Amino acid sequence: MCEMMKIMQENREVTCCLGSSANFRNSRLFLQSDLSIGLDPLYPSQCSWETFGYATGGGFNGDAEGLSPLRLAGQLNSLGCSVSFHQGNSVSLIKLIEQARHTTSSIRKCFLFLLQCQLCLVILQFLACLAQLPPPMNTTDILWMSCFSYPLLSVSLLGKPPDTLVMTVATGKNLDSIPKKTQNYFLGCFLLKFGLTVCAYLLVFGFTLQSVCPAGTNMTLSNNTIITCSSILTPSSSPVALHWFSELSNGLLLTQKLMAGFLVLHTVVISLSYVHRSQPLFRKSPFNNTWWCLTVPVVLVGHGVQAMVDYQLWRDQSSRLTFSLANIPLEVWLLASLSPLLVVVVNEVVKLHEIRELLAYAAIRSDDVTGNHPILPFPVSRNGFKYSYSYSSSSDSSKTGSRGQQTQQRHPNVPLPRHLFQLLRGEPKAFPGQPRDIESPVPPHPKGALVD
């Protein structure tokens, strides 16, 4: 048994050993396994032990009876155990595993959201540099969002109430490296979720900068020098380029503060889809996560206070040029107000595709583990729809052939655009031509959905 554990660990499998703490042969297994659980056994005849004087009681919990040799041996054997259970303890291993899976899934979701938020910051800075624009955010805003806003929003995702259906989700494999296909899938989902935010941010940033110094207008500086405003896309090496770090520094600072608030608002909107990654927004409200509900106003109000204080500290008091929110054009306010709604729709569509991929992966894992195709060991209905998994069963040879053909079809890269709206409306046959199609809608059932 110990050699088998070593072989499984060499193949990057996590082993759990559950055994009797009264058997000294189990001590090697306890030490070898990644997780060890010692159990106090039920002895067949307690009176015989008392007769021969080996122990005054059959269990390890009799503190009033003193430390007997049998109890001492059991404690020594279970030194390598992570947890030890005794007779009379009301402990459920299933509940412990359920809580562990819920916590692990929440931590994975927390770090995934934090990673994507930080990547969004990097991409914004990089694209603004390529477009010859001034920095879209100053150092204070980057530090504030990286060290306060984003971590706080990410940690709030851990407050999702536990769901017993977490035990129905198929677990992944332990791999030495992330497959290329998984990397491409992660990159595609990230670009779809945050791409609209990045594009809207750069567009609003450009419009706001141009409104600070409209092209073709003349502005008088503090030393009575008159400058002519040019396009914001003018290369910085040009003699007619705008001087954002001298004469127009206050306008740039106000724009940066406004854009930082715009980015925080979009991040909060995106986090709506991360509270429940296994169910769409119209099926399960994110407001049942109390942590997230309390964190969102703290993040928004905290960023507003930080922006006002930072603007008062760093603005140029000696400049004759004054800028205020009244200089921001109307189209900027409209774009900043309507773009979060479009971001929610895009994120929900991407989430529906992720749910479908999760169900397909769960079916594949079921095939690999059980080898039985027609029946899955967990519920597969999702969001009021019923997913069917049909396989050919005419003969052994036809099974092999049909399974090989289905393997090539069970991984759709992205759903066709014309099918996305059918999926949102709940129409049947949203993805025709694939082995796992959506059949007729059925009423929503709380126990018929996978959880994240």
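Read the figures in this text as sums done on the coordinates, not as results from a lab. These figures come from a predicted structure and were not determined experimentally. Because the Cβ atoms are built from the backbone with ideal geometry, glycine has one as well, and the counts that use them run over all protein chains shown.
Please work out whether segment 96-353 counts as rounded, prolate or oblate from its C-alpha gyration tensor, where a ≥ b ≥ c are the square roots of the eigenvalues and a/c under 1.5 means rounded, while otherwise a/b larger than b/c means prolate and anything else oblate?
Cα axes put segment 96-353 in the prolate bin.
Label-point separation (nm) for ASP34 and LEU313, each offset 7 Å from Cα along Cα-to-Cβ?
Once both label points are built, they end up 4.5 nm from each other.
Show me 303-316, 113-126, 261-274 ranked by packing, highest mean number of other Cβ atoms within 10 Å first. Could you put the intermediate results ahead of the total?
Working: 303-316: 14.5, 113-126: 17.1, 261-274: 21.1.
Ranked by mean Cβ neighbours within 10 Å, highest first: 261-274, 113-126, 303-316.
Using DSSP to call loops (not H, G, I, E or B), can you name the trypsin sites (Lys or Arg not before Pro) in segment 133-213 whose Cβ has at most 14 other Cβ atoms within 10 angstrom?
LYS173
Quick one: length gained pulling ASN174 to LEU203 fully straight, 0.36 nm per residue minus the C-alpha distance?
6.2 nm
For a quick protection proxy, order the peptides 78-87, 31-40 by their average other-Cβ count within 10 Å, most packed first. Please list the in-between numbers first.
Values: 78-87: 17.4, 31-40: 19.5.
Taking the mean over residues of other Cβ atoms within 10 Å, the ranking is 31-40, 78-87.
Work out from phi, with θ = phi - 60° and the Karplus expression 6.51 cos²θ - 1.76 cosθ + 1.60, the ³J(HN,Hα) of each residue of segment 146-163, listed in order in whole Hz, and give x for Gly and Pro.
Values, residue by residue: 6, 9, 10, 5, 5, x, 5, 5, 5, 5, 5, 5, 6, x, 5, x, x, 10 Hz.
For the pairs LYS95/LYS351; LYS160/LYS257; LYS109/LYS160, flag any whose C-alpha to C-alpha distance is greater than 20 Å.
Too far apart for the 20 Å limit: LYS95/LYS351; LYS160/LYS257.
In the calculated pair distance distribution of segment 59-176, what percentage of Cα-Cα distances lie above 24 Å?
Here the tail beyond 24 Å accounts for 59 percent of pairs.
What residues have an amide H closer than 5 Å to that of SER278, excluding those fewer than 5 places away on the same chain, when H is modeled at 1.01 Å from N in the peptide plane?
Amide H to amide H, under 5 Å and 5 or more residues apart or across chains, SER278 pairs with ASP452.
Apply the Karplus parameterisation 6.51 cos²θ - 1.76 cosθ + 1.60, with θ equal to phi minus 60°, to every residue of segment 12-20 and state each ³J(HN,Hα) to the nearest whole Hz, in sequence, with x for glycine and proline.
Rounded to whole hertz, the list is 6, 9, 8, 9, 10, 10, 10, x, 6.
Once R0 is set to 22 Å, what does the formula 1/(1 + (r/R0)^6) return for the Cβ-Cβ distance between THR139 and VAL345, expressed as a FRET efficiency to the nearest 0.05?
Step by step, r from the Cβ atoms, then E = 0.05.
If you take the beta carbon distance between SER231 and ARG12 as r and set R0 to 60 Å, what does 1/(1 + (r/R0)^6) give as a FRET efficiency, to the nearest 0.05?
In this case the efficiency is close to 0.60.
May I ask for the net charge around LEU158, where only other residues with Cβ less than 11 Å from the Cβ of LEU158 are counted and Lys, Arg are +1 while Asp, Glu are -1?
+3
Calculated FRET efficiency, GLN87 and ARG108, Cβ-Cβ r, R0 41 Å, to nearest 0.05?
Given R0 = 41 Å and the Cβ-Cβ separation, E is 0.65.
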